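What follows is one structure encoded as structure tokens, with my remarks underneath.
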Amino acid sequence: MLLSFGMTLASVAVVVPPSMASATETDWFASHASTLNQPLAKRLQTHDQTELIMVLDELSPGADTDRNARAVSDLLRSGQTDVVTDHALDALARLRSREGRDVLMGFLHHRRVEARMRAYSALAELKDSRDASVIALGLRDSAPQVRSDAARRLGELRARSAAPDLQRALELGVNEASAALGKLGDAAALERFTTQLGKLPLPVMLEGYANFLERPDLPDASKLAVIAALEEVSGSLVKDFLQARSARPAPNTSPQVQQAITNSASRVLRPSTTNQPGAGR
Amino acid sequence: MSACTRGGPVARQLLTWVLSTLAAACAGSVQEPTTRVIVAGSVCSDQPPLLRREPTPSAAGKPATRLVAYVTDGRPSALVVYDLDSGRERLRVAGMFRNRPELLDDVVVAVVGPDAAPELVGYDLETGEPRFRRPVERASWLGAVQVGDRVIYVSTSLSFRPSERGSTLTAIDARDGSSAWQHEVPYALSRPSTLGDRVLVVSDHADVWALDANSGKSAGCAPLGTESIDWLDTRSGELLLGASDARHIVLTDKTQPRDGSRLHLPFEPLPGQPSIRPSGYDAVPATRSAYGRVGVSTQLKPDPAGLQVAEQRYVYAFYRQLFAFQADGALVWARLFDTDAVRVESVDGAVVVVTEAGQVQWLDAHDGHLLGQQALIGHVASAALRLSSAQLPDGAKLATPPPERSLRDALRQLAIDTDSRLLPGRQLAVQALAASSEPEASRDLLDVYVQRAAPSELKSRIARVLAERSIGSELLLSALDTQYDFLSGSPAPPLAAIVPGLVRGRQTQAVPKLITHLFDPNTERADLRRLALAIATLGGPTGLEALGRFFVMYHADSSLGPDSSALIEIARILWTGASTHEVKLVEAAAQDPATLAELRLALVPLMAAPEPEAPVAPAVNAKVAPPKPVVPELLNDADIARTFTAHAAELRDCLGSDVATAATLRAVRFSFVIERSGTLSQLQIWPKRAALTQCLAAKLAEVRFPAFSRGRRMASYTLALRPEATTAEVPARPTDNAPFWQRAQLRGATLALPDQPPWWRDQNPLFVAVDEPTKPESTKPVEPQPAEPKSDAPSSAPPTRHAPTAPEPPTEAPSGDTWWVPAQPR
């Protein structure tokens, strides 16, 4: 790895790209076209930031995905400017090759928040359940953006093992953990989730409940308990929430749950305007 | 100066006869106007010596009841006397009390009323009935004693007007407050003490004056030398006094007293460097103040072997903190109270503390554990104690004794407490923890360090003591296991406090953990350099590999852009490392245009230094490091002058190319900025002549000054072209070692006036371009001479003389971009 840094920079003495500042547009396109046919690893051996970004942005999954991922990984290992690093991490996210996993693991601890977020995203794009525990580490990150992104990614991955961490994160204000828990939490997780009703903002809780209620794998009893709890909270938000689900039931919703949603939606009252003149008479 | 004012103790001998003559005019006595009074400067003149007297039978008696008298906090306040033995209040009276009350034999006295008309009130300690109320003579009431039926007190006033300045010693009848006798003196008297039937005061920090308590007549006077006396203590039946130290004054039967033993206690580490006893010249307010809350308490024991502290213990109170020390300064125990300790008294193996919350706590003087406790009613602002023994009152006994607490635990509690007033005491606790032989003290120190509210002074002290501490480095190692964790709330470990101790303890097993923290985004940027150095010191090849990895990853990343010092340090480590592999990393970074600007600049001088020798064998080379290039922090004037001198020949070429220019110029002025790498930028040259400027700029672009590590250096340099006009050096004279005024006088007498402009003419080099005389003296170019560089940085080089080319205002204005140049008159 260290040698790649040395080799990359050592090769600059031989292949120095034309400077954008000094070249005319035509000259630059000509020289750019001449490099297009080169292998990616070769094309990435440049210090021209624009050139690097263009090459990275061109990358997409294909025949040479693994080889390209290795080349991008080498580029990242050699240490780049922020913009090149970010584009390289995005490229790895698009390539979805496990060849880039090792370097992504290193960037999960990068000092720059943007780089960490991109590394978590790229790792999540591998869609490998083995990485769920690593992505769950993002919930422990010092940056709120990273924590939110990790929660979202865990939900997408349906990483059930991350439910306790997500619950804790939710209690500590990572709102995105609510929706994630709704996607992956089991009945016990739902029960624990409901303990936050009244403590956390209702819209945050409803994001989670929406996902819980759509889940075919959850027992009806748990869903009915949710509906009852929401009816107890009452209010406009709850009424809208239940009415929406009554009007457009989620697939595989049992008739019993559907009936309960409809009944609750009709029972929940909107808050009266008691402070208006004449109200309460 | 008024004749009544007194001189210092040193001049006292000379003024004796004068002041004796003036005595009657400067002082008075209400009872006996003709009585010879004590006057300034010759306090003891015509006075009998202070002699020893046999103790009077009245001095001994049954032990007095133990009492606490206190003034409650708030408005209006109340004076309360509480009987510690019976556990009941003897007196409670409301009023605006001005001074801390005094518990006398059978009366409690305090001062009430406004500043302009203070009054002394006395209440019977048995019945609580008022006994007297009378005006206090002067604004500040210092305190009172009781001898038989006499209450004697001192009041004093400070003023710039001599007529208003002085003290009054007043004796009243303790039964009704009627006047008995009074002395007024135009200087300061201390709080009174009693010795048998005599009242003792210190006059103006110098002499001890004794008066018969009953009659007020002078009963002796003792001049005690030039050493200042701040307090007087006769509770032991002996005459003890002093300032920071305590002195035992031995009274004899016939002659003046002599100095006995002396006691010095090591108070230097204590906040405020207190005295053994509080000053006898301070009026102690009744309201909340530092009086009583900050200070030392101990029983002084005059012993044939010398003056000692009883139980070999003294305690030091600092608001809510209480420290007990051995006489040699070793800390024995410590306690933290919930509220301020208003009054602390040591008595026969016990320490009695009255707290602001109204608790009277009885502590064991040996280990500080709580023996008993009593509760007063109301919050206490100030308090006085009368204790005759350490026997625990019945009402103070505890149902269940509190758990024992070790000194380390107590110190930890003190150090971690967040009361901002207590920082000096917390630092004292930290220092004591650092001296602990228990390894766990290191963990305690870290616990204090990681507190969010810990002040920076405390943190830096902890870091310092941990670095010096040789015990507990394994705990420092385990402290590295913690990492920032949002979910668990675990903070990042305090690396600044941990790492130096690990390096000192040569904890090589810390290297993997240190590397983990190097790559941890939660590690403070300021800690990275420290980590890198520790890894380099302890890590060997593994450490170097990790440093190389970090260097490569971040050499172009903005996260370390604002402060690249860690990367620069790592580059230095890699460059001087054992392997050519690491050296190549630095070389590659130097060539990478994306490398952070600050880092790239620093790499230039680093790599310009002699290269380390190729390693023969890593193991050997790891032990014998190649010589490291030394980059100074700042560039000094001598370096600049040396560089110019070295390039004088090249610069001369520019001057020589234009004969006309050379003929008219007497000096050329350069103004420029030197970057850390030694390159020169923002060059300006005067006079502004295109050919000359172009030539010189080209030459100077090639010039490299020595590299330095901190900031940039703005400098100017005058290249003098007329060496013959240099001011002649003043030859060394035998008087060169004389004082400066003498040398200046001699030089002025022998030197001719220099051919220089007057000193008041503006010679600011920033706008003085060059002197162009109207009559050229020579057409031949002359050798450039180095002159003194002027810059904004301090110079470490010896001053050199200016060439006598008197700078005149420039004939042509500088370019428009030099905003700092004042507009020149046209």
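Do the conditions hold for residue B:319, that is, is it open to solvent by 20 Å² or more (accessible area, probe 1.4 Å), within 18 Å of residue B:422 (Cβ to Cβ), of a type in the set (Ser, Thr, Tyr) and touching an Asp or Glu at 6+ places or on another chain (Cβ under 8 Å)? It is true that residue B:319 is open to solvent by 20 Å² or more (accessible area, probe 1.4 Å), within 18 Å of residue B:422 (Cβ to Cβ), of a type in the set (Ser, Thr, Tyr) and touching an Asp or Glu at 6+ places or on another chain (Cβ under 8 Å).
No other residue among B:530, B:506 is away from chain A (no Cβ under 14 Å) and in a loop (DSSP other than H, G, I, E, B) apart from B:506. Just to be sure before I move on: is residue A:72 within 14 Å of another protein chain (Cβ to nearest Cβ) and either part of a helix (DSSP H, G or I) or at negative phi (or both) in the structure I sent? No. Condition check for residue A:187 on (1) within 12 Å of another protein chain (Cβ to nearest Cβ); (2) over 30 Å from residue A:87 (Cβ atoms): one failure, at (1). Please enumerate the residues belonging to the stretch B:443-457 that are of a type in the set (Val, Ile, Thr) and over 13 Å from residue B:496 (Cβ atoms). B:448 - this is the single residue of the stretch B:443-457 that is of a type in the set (Val, Ile, Thr) and over 13 Å from residue B:496 (Cβ atoms). Just checking, how many residues over the stretch B:372-411 are assigned to a helix (DSSP H, G or I) and open to solvent by 70 Å² or more (accessible area, probe 1.4 Å)? Adding up the residues that qualify gives 1.
Select from the stretch B:235-251 the residues that are in contact with a strand residue (DSSP E or B) (Cβ under 7 Å, 6 or more places away or on another chain) and not in a strand (DSSP E or B) and list them in ascending order. The answer is B:236, B:238, B:245, B:251. Of all residues in the stretch A:81-105, count the ones that are within 13 Å of another protein chain (Cβ to nearest Cβ) and either crowded, with 18+ Cβ neighbours inside 10 Å or aliphatic (A, V, I, L, M) (or both). Count: 9. Scanning the stretch A:108-117 for residues that are facing chain B (nearest Cβ under 9 Å) and assigned to a helix (DSSP H, G or I), we see that the one that is nearest to residue A:86 (Cα to Cα) is A:115.
Scanning the stretch B:677-701 for residues that are open to solvent by 50 Å² or more (accessible area, probe 1.4 Å), under 54 Å from the mean Cα position of the chain (by Cα) and at pLDDT below 80 yields B:682, B:688.
Restricting B:143, B:87 to those that are open to solvent by 30 Å² or more (accessible area, probe 1.4 Å), in contact (Cβ under 8 Å) with a residue 40 or more places away in the chain and either of a type in the set (S, T, N, Q) or in contact with a strand residue (DSSP E or B) (Cβ under 7 Å, 6 or more places away or on another chain) (or both) reduces the list to B:87. Scanning the stretch B:266-291 for residues that are more than 21 Å from residue B:313 (Cα to Cα) and basic (Lys, Arg) yields one hit, B:288.
Residue B:573 - would you say it is among the β-branched types (Val, Ile, Thr) and modelled with pLDDT of 95 or more? No; evaluated as a whole, the condition is false for this residue. Annotation: of all residues in the stretch A:38-65 being more than 20 Å from residue A:118 (Cβ to Cβ) and either of a type in the set (Asp, Glu) or out of contact with any helix residue (DSSP H, G or I) (no Cβ under 9 Å at 6 or more places or on another chain) (or both), the one that is nearest to the other protein chains (Cβ to nearest Cβ) is A:48.
Within the stretch B:303-351, if we keep just the residues that are acidic (Asp, Glu) and assigned to a strand (DSSP E or B), the residue that is nearest to residue B:237 (Cα to Cα) turns out to be B:303. Is it the case that residue B:193 is polar (S, T, N, Q) and crowded, with 18+ Cβ neighbours inside 10 Å? Yes, satisfied. Consider the stretch B:460-492 and keep the residues that are outside any helix (DSSP H, G or I) and more than 14 Å from every other protein chain (Cβ to nearest Cβ). The one that is surrounded by the most Cβ atoms within 10 Å (Cβ to Cβ) is B:472.
Looking at the stretch B:185-234, which of its residues are of a type outside the set (Phe, Trp, Tyr), at negative phi, part of a loop (DSSP other than H, G, I, E, B) and at pLDDT below 90? B:186, B:188, B:206, B:224, B:226, B:227, B:228 - these are the residues of the stretch B:185-234 that are of a type outside the set (Phe, Trp, Tyr), at negative phi, part of a loop (DSSP other than H, G, I, E, B) and at pLDDT below 90. Looking only at residues of the stretch A:118-156 that are among the aliphatic types (A, V, I, L, M), under 19 Å from residue A:69 (Cβ atoms) and under 11 Å from the mean Cα position of the chain (by Cα), we find that the one that is nearest to the other protein chains (Cβ to nearest Cβ) is A:119.
Flag: residue B:171 does not match the condition of being open to solvent by less than 50 Å² (accessible area, probe 1.4 Å), touching a residue at least 12 places away in the same chain (Cβ under 8 Å) and in contact with a helix residue (DSSP H, G or I) (Cβ under 7 Å, 6 or more places away or on another chain). Across the stretch B:559-578, which residue is nearest to residue B:604 (Cα to Cα) among those that are open to solvent by 10 Å² or more (accessible area, probe 1.4 Å) and either aromatic (Phe, Trp, Tyr) or at the interface with chain A (Cβ under 10 Å from one of its Cβ atoms) (or both)? Looking at residues that are open to solvent by 10 Å² or more (accessible area, probe 1.4 Å) and either aromatic (Phe, Trp, Tyr) or at the interface with chain A (Cβ under 10 Å from one of its Cβ atoms) (or both), I get B:561. Any chance the stretch A:165-176 includes a residue that's within 16 Å of the chain's Cα centre (by Cα), over 28 Å from residue A:221 (Cβ atoms) and among the acidic types (Asp, Glu)? Checking the stretch A:165-176: not a single residue is within 16 Å of the chain's Cα centre (by Cα), over 28 Å from residue A:221 (Cβ atoms) and among the acidic types (Asp, Glu).
Here A:163, A:159, A:177 are screened, and the one residue that is open to solvent by less than 10 Å² (accessible area, probe 1.4 Å), within 14 Å of chain B (Cβ to nearest Cβ) and aliphatic (A, V, I, L, M) is A:177. Every test in (1) under 13 Å from residue B:507 (Cβ atoms); (2) assigned to a helix (DSSP H, G or I) is passed by residue B:441 save one, and that test is (1). Of the residues B:87, B:128, B:143, the single one that is at positive phi and modelled with pLDDT of 95 or more is B:143.
In the set (1) open to solvent by 20 Å² or more (accessible area, probe 1.4 Å); (2) farther than 18 Å from residue B:284 by Cβ, residue B:158 fails one condition alone, (2). Could we say that residue B:608 is over 40 Å from the mean Cα position of the chain (by Cα), of a type in the set (A, V, I, L, M), open to solvent by 20 Å² or more (accessible area, probe 1.4 Å) and more than 14 Å from chain A (Cβ to nearest Cβ) here? Criteria met by residue B:608.
One line per residue, one yes/no per condition, for (1) at pLDDT 90 or above; (2) of a type in the set (Gly, Ala, Ser):
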position: B:236; (1), (2): no, yes
position: B:262; (1), (2): yes, no
position: B:266; (1), (2): yes, no
position: B:283; (1), (2): yes, yes
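Only residues that are within 25 Å of residue B:204 (Cβ to Cβ) and either surrounded by fewer than 18 Cβ atoms within 10 Å (Cβ to Cβ) or within 21 Å of the chain's Cα centre (by Cα) (or both) were counted in the stretch B:292-310, giving 2.
The values are calculated or read from the model by the stated rules, or taken from the named source; none is laboratory data. Quick caveat: nothing in here was measured; it's all calculated off a predicted structure. With ideal geometry, Cβ positions are generated from the backbone for all residues, glycine too; neighbour counts draw on all protein chains shown. SASA here: full protein model, heavy atoms, side chains in, ligands and nucleic acids out. Shrake-Rupley method; radii C 1.70, N 1.55, O 1.52, S 1.80 Å.
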